[in-house]
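The values are calculated or read from the model by the stated rules, or taken from the named source; none is laboratory data. Just so it is clear, the structure is predicted and the values come from calculations on it, not from any experiment. Backbone-built Cβ (ideal geometry, glycine too); neighbour counts: all protein chains shown. These accessible areas exclude ligands, DNA and RNA; they are computed on the full protein's heavy atoms, side chains included. Shrake-Rupley method; radii C 1.70, N 1.55, O 1.52, S 1.80 Å.
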Number of protein chains: 2
Amino acid sequence: MTQEQYSKYSFLLDRTARKVKQYAQQQFKSGDFDVTVDQWLVLKNLSENDLLSQTELANLVFKDHPTLTRIIDLLCKKGYVERVPHPQDRRSFQLHLTETGVSKVSSLRPEILQIREKAWENLSPHDFEEFKRILNTIYQNLNGESLGQ
Amino acid sequence: MTQEQYSKYSFLLDRTARKVKQYAQQQFKSGDFDVTVDQWLVLKNLSENDLLSQTELANLVFKDHPTLTRIIDLLCKKGYVERVPHPQDRRSFQLHLTETGVSKVSSLRPEILQIREKAWENLSPHDFEEFKRILNTIYQNLNGESLGQ
DNA sequence: TACCAATAGTTAGTGTGACAAATATATAAA
DNA sequence: TTTATATATTTGTCACACTAACTATTGGTA
């Protein structure tokens, strides 16, 4: 296999990742979910781990701090999340899902699982495992120092 | 396999696609390439197909028209691309690499192939074929009407 | 105590992505 | 020929990614 051929993965990877996000976003919109795909990722992680700091959450969802700041801003504005001052450290916040946030997550979760399945038509469970393995290997190959999981 | 497990691919896919772009962009920067990753994709396609219209190019690189307009704007500002009025159709342009653009492409091409290879350490040619197959299947599953290649 | 490096978070700037709407021109239909 | 429709590109808006620079606070150490 030549170098030339190897270089195409980056194009296909980018194209497919965008399509997956775009497809989900369209479904989110037609279902009036009132959140974006990335906002959902944040909400979902907050529902599974209460009282995270922004830094802890950023490490969970693999987003950088400025991006997370803005997503949290939007989620606060929508009333799904609150920034609670950290009792010991005045630099940081504990992130907390509001009542509205909790019920938003539980009402959207099943619908979103459904949407996510569509991508796997014509593919096997073995394909799924291989896909995850390859994605993780690529990630680690490029992740220099931190070798993050 | 439960629905829950299936939903993780979208996170891994997005994370890996971002890492691939970020890694390449860092290398581009440390090598003073003077283009972004997406600008490179456009330049490369123009070097292989001269005198495309913006619509034709948009279909090649799978970017939407407004995005492409802005990338072309930047490449024109940098002097790598020219918009030549279409001789028959006054609505459209033929895109043309300048001298500078041509030499930029040929000087960067080998360096970029090198950068792209890094992702494939610890992976086999068979992995590569499976990866492409799965990416393309997912893309087509979500691509509703147009069934684009 | 006073200094200093590290940490938490924000702000600003640039580039990109998706979508809707606007403009200009071309082409087909009445 | 006039009208309607389709096409090529641009503009505007919002969201996200990444970098760099900045503020505030913490904790260690001289």
Query raised in the report: Counting Lys and Arg as +1 and Asp and Glu as -1, what is the net charge of the other residues whose Cβ lies under 10 Å from the Cβ of A:Phe62?
Result: +2
Query raised in the report: Accessible surface of A:Glu4 in the full protein assembly, 1.4 angstrom probe, to the nearest 10 Å²?
Result: 70
Query raised in the report: Gaussian network model of chain B, Cα springs within a sub-10 Å range: biggest mean-square fluctuation belongs to which of B:Val42, B:Val84, B:Val105?
Result: B:Val84
**Report entry** Label point 7 Å beyond Cα along the C-beta direction, distances from A:Asn136 to other copies (nm, shortest first)
**Finding:** 2.7
Report task. Please report how far the C-alpha centroid of the range A:19-97 lies from that of the range B:1-77, rounded to the nearest whole angstrom. Result -> 26
Requested in this report: Just order A:5-14, A:69-78 by mean Cβ neighbour count inside 10 Å, highest at the front, would you?
Outcome: A:5-14, A:69-78
**Report entry** Rounded to the nearest 10 Å², the accessible area of A:Asp89 at probe 1.4 Å
**Finding:** 40
Query raised in the report: Which of the residue pairs B:Lys21/B:Lys63; A:Lys19/B:Lys118; B:Lys29/B:Lys104; B:Lys8/B:Lys63 have a Cα-Cα distance greater than 21 Å in the structure shown?
Result: A:Lys19/B:Lys118; B:Lys8/B:Lys63
**Report entry** Helical segments meeting 27 Å axial Cα length and Kyte-Doolittle -0.5 threshold in chain A (DSSP H)
**Finding:** A:99-117
Report task. Please work out which residue of chain A brings its Cβ closest to the axis of the rotation superposing A onto B, and round that distance to whole Å. Result -> A:Ala17, 2
Query raised in the report: Using a 1.4 Å probe on the protein chains only, how many percent of the accessible area of the range A:14-121 belongs to carbon and sulfur?
Result: 50
Requested in this report: List the distances, in nm and shortest first, from the label point of A:Pro125 to the matching label points in every other copy, placing each point 7 Å from Cα along the Cα-to-Cβ direction.
Outcome: 3.2
Query raised in the report: Given a cut-off of under 8 Å on Cα pairs at least six residues apart, what relative contact order in percent is computed for chain B?
Result: 18
**Report entry** Within the range B:17-33: backbone nitrogen closer than 16 Å to the B:Asp127 label point (7 Å, Cα to C-beta)
**Finding:** B:17, B:20
Report task. With all protein chains present, calculate the accessible area of A:Val20 using a 1.4 Å probe and round the result to the nearest 10 Å². Result -> 10
Requested in this report: Over the protein assembly as shown, average the accessible area per residue using a 1.4 Å probe and give it in Å², no decimals.
Outcome: 53
Report task. Please compute the net charge surrounding B:Gln25, taking Lys and Arg as +1 and Asp and Glu as -1 over other residues with Cβ under 11 Å from its Cβ. Result -> +3
Query raised in the report: If Lys and Arg each add +1 and Asp and Glu each add -1, what is the summed charge of the other residues whose beta carbon sits under 9 Å from the beta carbon of B:Val37?
Result: -1
Query raised in the report: Once you put a point 7 Å from the Cα of A:Asp64 and another 7 Å from the Cα of B:Leu60, both along the Cβ direction, what distance in nm separates them?
Result: 3.0
